[in-house]
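The block underneath contains the structure these notes are about, expressed in C-alpha cells.
The values are calculated or read from the model by the stated rules, or taken from the named source; none is laboratory data. This is a predicted model, so every value here is computed, not measured. Note that we place each Cβ from the backbone using ideal geometry, even for glycine, and neighbour counts take in every protein chain shown. The accessibility values were calculated without ligands, DNA or RNA, using every heavy atom of the protein model including side chains. Shrake-Rupley method; radii C 1.70, N 1.55, O 1.52, S 1.80 Å.
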Amino acid sequence: MTAVNPYECDLDQNAANHVALTPLTYLERASAIWPNKTAIVHGTLRRTWAETAERCRRLGSGLSKMGFGKGATIAFLAANTPELYEAHFGVPLMGGVLNAINTRLDPEAVAFILDHAEANILFVDREFSKIAKGAIALLNRPITVVDIDDPQYEGGELIGSMTYEDVIAKGDADAPWTFPTDEWQAITLNYTSGTTGNPKGVVYHHRGAYLNAVSNALSWHLGEDTVYLWTLPMFHCNGWCFPWTMAVVAGTSVCLRAVRVDKIYEAIATEKVSHFCGAPIVLNMINNAPAALKEKVSHSVKAMVAGAAPPAAIIAGMERMGWDVTHVYGLTEVYGPTMLNVWKDEWKDLELDEKATIKSRQGVRGPMLEAVMVGDPTTLEPCPKNGRTMGEIFMRGNNVMKGYLKNPKATAEAFEGGWFHTGDLAVWHPDGYVEIKDRSKDIIISGGENISSIEVEDVLYKHPDVMEAAVVARPDEKWGETPCAFVMLKDGAEVSEADLVAFCRQHLAGFKIPKTFVFGALPKTSTGKIQKFMLRNQAKDI
C-alpha cells in the first residue's frame with residue numbers, strides 16, 4: 001500500500017499563498033509606505049516615491065496606449081537620468097522587456113541590437129542622437145523614436161516624433177498595478193560587449209531580478225537612509241539591479257550624467273551620498289583626485305567595486321581615505337554581482353596592505369546564489385581548496401539568466417553540465433574564498449608556464465607613479481608568449497622601462513616580468529574595463 005504524504009494532501013498553491021516574484025512590487029510598497037520620501041535627485045530636481053511611482057505607471061500605461069504589449073522590446077539609449085530609472089519599472093509594468101543599450105557603442109552595434117531584439121521603439125537621450133540616427137539609417141524597417149530631453153544637457157538634437165514627457169502624458173496616473181503571473185517572464189534584455197563578434201542578448205527574468213535586488217540590500221546592509229550615487233551605468237546589467245534594490249529599501253538615488261571626478265565629489269558632498277558602485281577605474285580616479293576635491297567629503301562613504309579584478313593597491317588607497325570598499329564579482333549573465341568578499345572580524349587587525357590583498361579576492365556566493373564552484377573546465381570536478389590549483393568558476397542558482405536570445409547553441413554551451421560556465425579562471429582558498437587569476441583568454445603561457453596577467457598588474461599598480469596598467473600576451477618565437485605591459489603614468493611622473501623592470505624584479509619571478517613596456521593611455525569600455533583585446537592586437541605588431 002502506498003502511504004499518503006499528509007503534507008501533499010489538500011495543501012495546494014493558491015492566490016493566497018503563492019505569488020510570482022517580481023521587483024515591481026518593491027515600487028508599489030515604497031510608494032505606499034514612504035510616499036513623501038525622496039526617491040530621485042537629478043540636479044535641482046527632486047521626486048518623491050509617490051511621484052516616481054505615478055510616473056512609472058504613466059509610462060507603462062502610455063506605452064500600452066501606443067500599442068506595445070507583453071513581450072515587446074522597449075529600447076533605451078540613455079544616460080543615468082530619472083527617465084532610465086523609471087523605465088526599469090514602467091516598461092515591465094506593461095509586460096514589456098527593457099533593453100538599455102550601451103551608450104558607447106557605435107551605430108553599427110546599436111543597429112544590430114535593435115534588429116536582433118526586434119525593438120520597434122527607441123527612447124534616445126539627445127546626447128546620443130548622432131549614434132541613434134546612424135543606427136536607424138542602417139535598419140530596414142521603421143522604428144518609433146522618442147526623445148529624452150534632459151535639461152542638464154544642451155548639445156545634441158531632438159530626432160523623435162515625440163518626447164518622453166509626451167508618453168508620460170498619454171498614460172493614466174491611476175493605471176492599475178499589473179504584475180506578471182509568471183515569474184519566469186522576461187523583464188530585461190542586456191547585450192554582452194561583443195569583443196569577438198556580435199554581442200549576445202542576455203535575458204533576465206522577474207524572479208532573478210527580484211532576488212538579486214534583495215541580495216544587494218542584504219550584502220551591503222542597506223537601509224532606508226541609503227543615498228546611492230549613480231556612477232555605475234544603468235545599462236550595465238541594469239545597474240547591477242540597483243534600480244530595484246533602491247526600491248526595496250526606499251533609499252534615494254542621485255543621478256549623475258557623466259562620471260567625472262569633480263562631479264562625483266560634488267554630488268557626494270552635497271547630497272551626503274552613502275554608497276556608490278563602479279569599476280576599479282572609478283575608484284582609481286577618486287583615489288588620485290586633487291586634495292582640494294577630497295577635502296569636500298568629511299563623512300564615511302561605502303564603495304562596491306567589480307567589473308575587473310581590482311588591484312590591491314587601489315583598495316588600499318580608498319581605505320586610507322577612510323572609505324570602505326566591498327569587492328563583488330559577477331557577469332552580465334548573472335544579473336551583475338552574485339559573489340562578494342564577505343569581511344570577517346578576524347581580519348580587522350591585519351596591516352592595511354594585507355587587508356587590501358584579502359579584499360581583492362572575489363569571495364564567496366551572495367545570499368541568493370545557490371552554489372559556486374571552482375572546477376576543472378572539462379570534467380567539472382571541483383578543484384582542491386589549496387589556493388594553488390587553477391580552475392574555472394561555475395555558478396548555479398535563481399539569479400542566473402534565462403539564456404541568450406535566439407542563440408540556443410550558446411545557451412546550451414553556457415549551461416553544460418548543469419552549471420553556468422563563467423570563463424574566469426581562479427583558485428579556491430582553504431577558507432572557501434575564490435580568487436580570480438585571469439580570464440581563460442588572458443592567461444599568458446610562456447615557455448610552458450602559466451602567467452596570470454592580474455598578478456603582474458597587481459605589482460605594477462603598487463608602483464607609486466603608475467596610474468593604470470594592463471598586461472597581455474605578446475607572441476614570442478622562443479617562449480611562445482611573453483608578458484607585454486601597457487602602462488599609463490600619473491601626471492608629471494617620469495619612469496623608464498628599466499625602472500619598472502627593476503621594480504617588478506623585487507616582487508615577481510623572472511619569467512613573469514614583462515619583456516615589453518608601452519607607455520600611454522589605455523582603451524576602455526563605457527563601464528571602465530580596459531579593452532584587452534585591443535591591446536592584444538597592438539602587442540602583436542610591436
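Yes/no per residue for (1) part of a helix (DSSP H, G or I); (2) within 15 Å of the chain's Cα centre (by Cα); (3) of a type outside the set (Val, Ile, Thr); (4) under 20 Å from residue 22 (Cβ atoms):
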residue: 238; (1), (2), (3), (4): yes, yes, yes, yes
residue: 244; (1), (2), (3), (4): yes, yes, yes, yes
residue: 262; (1), (2), (3), (4): yes, no, yes, no
residue: 266; (1), (2), (3), (4): yes, no, yes, no
residue: 277; (1), (2), (3), (4): no, yes, yes, no
*Test result for residue 113, among the β-branched types (Val, Ile, Thr), within 18 Å of residue 162 (Cα to Cα) and in contact with a Leu (Cβ under 9 Å, 6 or more places away or on another chain)*: no
*Among (1) over 22 Å from the mean Cα position of the chain (by Cα); (2) open to solvent by 40 Å² or more (accessible area, probe 1.4 Å), which single condition is residue 150 missing?*
(2)
*asked:* If I filter the stretch 527-534 for residues that are more than 27 Å from the chain's Cα centre (by Cα), part of a loop (DSSP other than H, G, I, E, B) and either among the hydroxyl-bearing types (Ser, Thr, Tyr) or under 17 Å from residue 442 (Cβ atoms) (or both), do I get at least one hit?
replied: no
*Before we move on, is residue 497 open to solvent by 70 Å² or more (accessible area, probe 1.4 Å) and either β-branched (Val, Ile, Thr) or over 21 Å from residue 288 (Cα atoms) (or both)?*
yes
*Mind listing just one residue for me: the one in the stretch 279-317 that is more than 24 Å from residue 80 (Cα to Cα), at pLDDT below 90 and not in a loop (DSSP other than H, G, I, E, B) and, of those, most open to solvent (accessible area, probe 1.4 Å)?*
313
*Kindly indicate whether residue 44 is out of contact with any strand residue (DSSP E or B) (no Cβ under 6 Å at 6 or more places or on another chain) and either in contact (Cβ under 8 Å) with a residue 24 or more places away in the chain or of a type in the set (A, V, I, L, M) (or both).*
no
*With a cut-off of at least 1 residues that are over 20 Å from residue 225 (Cα atoms), name the strands (runs of 3 or more DSSP E) lying wholly within the stretch 18-124.*
73-77, 97-100
*Give the residue, chosen from 452, 446, 496, that is under 22 Å from residue 358 (Cβ atoms) and among the hydroxyl-bearing types (Ser, Thr, Tyr).*
452
*Could you list, in sequence order, the residues of the stretch 204-229 that are open to solvent by 20 Å² or more (accessible area, probe 1.4 Å) and in a strand (DSSP E or B)?*
227
*Between a first residue in the stretch 432-449 that is of a type in the set (A, V, I, L, M) and a second residue that is modelled with pLDDT under 70, which pairs have beta carbons less than 9 Å apart while being 6 or more apart in sequence or on different chains?*
436/309; 443/450; 444/450
*Identify the residue in the stretch 429-450 that is more than 16 Å from residue 372 (Cβ to Cβ) and surrounded by 19 or more Cβ atoms within 10 Å (Cβ to Cβ) and, among all such residues, is modelled with the lowest pLDDT.*
438
*Would a scan of the stretch 469-476 turn up a residue that is more than 24 Å from the chain's Cα centre (by Cα), of a type outside the set (A, V, I, L, M, F, W, C) and crowded, with 20+ Cβ neighbours inside 10 Å?*
yes
*asked:* For a quick check of your reading of the model, give me the residue pairs whose first member lies in the stretch 463-484 and is on the phi > 0 side of the Ramachandran plot, whose second is aliphatic (A, V, I, L, M) and part of a strand (DSSP E or B), with beta-carbon atoms closer than 8 Å and at least 6 apart or on different chains.
replied: 480/445
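Residues checked against (1) modelled with pLDDT of 95 or more; (2) not basic (Lys, Arg):
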position: 4; (1), (2): no, yes
position: 13; (1), (2): no, yes
position: 40; (1), (2): yes, yes
position: 47; (1), (2): yes, no
position: 53; (1), (2): yes, yes
position: 59; (1), (2): yes, yes
position: 68; (1), (2): yes, yes
position: 92; (1), (2): yes, yes
position: 103; (1), (2): no, yes
_Suppose the filter is touching a helix residue (DSSP H, G or I) at 6+ places or on another chain (Cβ under 9 Å), surrounded by 13 or more Cβ atoms within 10 Å (Cβ to Cβ) and charged (D, E, K, R); does residue 385 pass it?_
no
_Just to be sure I understand the filter: pairs with C-beta atoms under 9 Å, separated by 6 or more residues or on different chains, first member in the stretch 403-427 and touching a residue at least 24 places away in the same chain (Cβ under 8 Å) and closer than 16 Å to residue 331 by Cα, second member open to solvent by 50 Å² or more (accessible area, probe 1.4 Å) and part of a helix (DSSP H, G or I). Which pairs pass?_
403/412; 421/413
*Taking residue 378, is it open to solvent by less than 50 Å² (accessible area, probe 1.4 Å) and not in a helix (DSSP H, G or I)?*
no
_Need pairs with beta-carbon distance below 7 Å; first residue at negative phi and within the stretch 254-276, second part of a helix (DSSP H, G or I) and of a type in the set (Gly, Ala, Ser); sequence gap 6+ or separate chains._
254/267; 256/267; 273/267
